[in-house]
Amino acid sequence: MENVKDQLEQTTGVYRYGDDIYLIDENSQQGMSLLLPLTAGREITTDKIVFLLCRKGSVDLKLNYRQLLLNPGLAMIILPEMIIETLAVSDDAQVLTMLLSERFTDSLNLGGTFRSLLSVRRQPLLALPVGVDSALLNLFGMVRGLLTVPSHPNLDRVLHLIFEAYFFGIDPYLHTLDKGVIVSTAELHTDEFLKLLEKNFRQQHSIDWYAEQLHITCKRLSICVKQTTGHSATEWVDRHRLLEVEKQLRNGTMSVKEIASSLGFPNQSAFGTWFKRHTLQSPRNYIR
């Protein structure tokens with residue numbers, strides 16, 4: 001399978017800075033299909049922080065099984081390893097898209113606040129007020145302009161300064177989203193579970209392990225997650241692992257044995273048995 005990065009070099013409307021920053025113009029359907037395929041009926045995850053700004057049309061999707069409708073004037077923030085299920089995309093949909101690596105955002109001087117915001121996870125869909133929406137468009141424009149001149153002698157530093165300034169500007173607004181909202185203990189436990197899961201699902205599969213990290217009983221964690229999301233904690237773990245397998249099978253860069261090892265299975269046979277139980281197919285025959 002041809003490497004995605006090689007394909008991107010041939011794609012118009014996509015601007016990138018190494019593997020840290022990707023911008024996709026609203027009319028670049030090919031860029032979207034390569035980097036963030038929002039295809040009706042398909043579930044995906046991404047290892048990037050994703051910013052979507054709808055310019056025209058609509059995208060109906062579920063984010064961690066919560067249904068959201070992205071319309072013109074709305075923005076959405078998707079955190080790494082969230083499950084994105086696309087329900088429908090209008091024929092006239094135009095969405096400006098930006099993907100940032102965790103390595104890049106972690107290198108910004110943000111004091112560690114932006115990515116950990118509970119408000120972002122609880123309210124990923126944002127109705128941006130006048131001024132903030134213009135600032136986001138300006139951010140896209142400035143970064144796009146810089147990435148068209150990769151020989152800029154201070155490109156790395158300038159990109160860092162631009163993103164730091166923007167995130168510090170939008171951060172107080174994000175904090176206001178949760179004002180007056182009472183968050184239940186079950187929601188807090190579920191939020192912490194999901195953050196742990198998104199970081200550790202490849203190697204940690206036991207619900208007992210997650211409960212221990214949160215200093216609550218396994219039964220309590222299971223009740224909280226089911227009550228808050230409608231899905232059991234075990235379902236969350238299995239869904240993340242299945243999506244990771246699908247991503248690796250599509251990439252074609254790892255053997256089945258290597259995929260099994262990367263997900264903490266003791267051997268290829270145990271992985272095959274688990275996979276067939278969930279999909280009724282062997283890994284070699286599974287292409288959704």
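The values are calculated or read from the model by the stated rules, or taken from the named source; none is laboratory data. Since the structure is predicted, the reported quantities are computational estimates derived from the model, not experimental observations. Every residue, glycine as well, gets a Cβ built from its backbone with ideal geometry; the counts of neighbours run over all protein chains shown. Surface areas here come from the heavy atoms of the whole protein model, side chains and all, with no ligands, DNA or RNA. Shrake-Rupley method; radii C 1.70, N 1.55, O 1.52, S 1.80 Å.
In table form, for the structure just shown:
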read-out	value
Residues satisfying the stated conditions in region 66-85, i.e. under 13 Å from the mean Cα position of the chain (by Cα) and either closer than 24 Å to Arg241 by Cβ or of a type in the set (Ser, Thr, Tyr) (or both)	Ile78, Leu79, Pro80, Glu81, Met82, Ile83, Ile84, Glu85
Within region 17-35, considering residues that are outside any helix (DSSP H, G or I) and at pLDDT below 90, the one surrounded by the fewest Cβ atoms within 10 Å (Cβ to Cβ)	Asn27
Subset of region 246-280 that is on the phi < 0 side of the Ramachandran plot and small (Gly, Ala, Ser) - its residue that is surrounded by the fewest Cβ atoms within 10 Å (Cβ to Cβ)	Ser269
Scan of region 125-148 for residues that are open to solvent by 70 Å² or more (accessible area, probe 1.4 Å) and in a loop (DSSP other than H, G, I, E, B), ordered by number	Val130, Thr148
Any chance Thr190 is open to solvent by 70 Å² or more (accessible area, probe 1.4 Å) and either touching a residue at least 12 places away in the same chain (Cβ under 8 Å) or part of a loop (DSSP other than H, G, I, E, B) (or both)	no
Of the criteria (1) modelled with pLDDT under 90; (2) farther than 22 Å from Asp25 by Cα; (3) in a strand (DSSP E or B), which one Thr113 fails	(3)
Helices (runs of 4 or more DSSP H) completely within region 218-288 that count 3 or more residues being among the polar types (S, T, N, Q)	218-229, 233-251, 268-279
Residue check for Ala88: of a type outside the set (D, E, K, R), assigned to a helix (DSSP H, G or I) and at pLDDT 80 or above	no
Looking only at region 39-77, and only at residues there that are of a type in the set (A, V, I, L, M) and open to solvent by 30 Å² or more (accessible area, probe 1.4 Å), the one that is modelled with the highest pLDDT	Leu69
Region 246-262 - residue that is in contact with a helix residue (DSSP H, G or I) (Cβ under 6 Å, 6 or more places away or on another chain) and in contact (Cβ under 8 Å) with a residue 24 or more places away in the chain and, of those, nearest to Asn285 (Cα to Cα)	Val256
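Residue-by-condition table, conditions (1) among the hydroxyl-bearing types (Ser, Thr, Tyr); (2) under 28 Å from Gly272 (Cα atoms); (3) modelled with pLDDT of 90 or more; (4) open to solvent by less than 10 Å² (accessible area, probe 1.4 Å):
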{"site": "Tyr210", "(1), (2), (3), (4)": "yes, yes, yes, yes"}
{"site": "Leu214", "(1), (2), (3), (4)": "no, no, yes, no"}
{"site": "Cys224", "(1), (2), (3), (4)": "no, no, yes, yes"}
{"site": "Trp236", "(1), (2), (3), (4)": "no, yes, yes, yes"}
{"site": "Glu244", "(1), (2), (3), (4)": "no, yes, yes, no"}
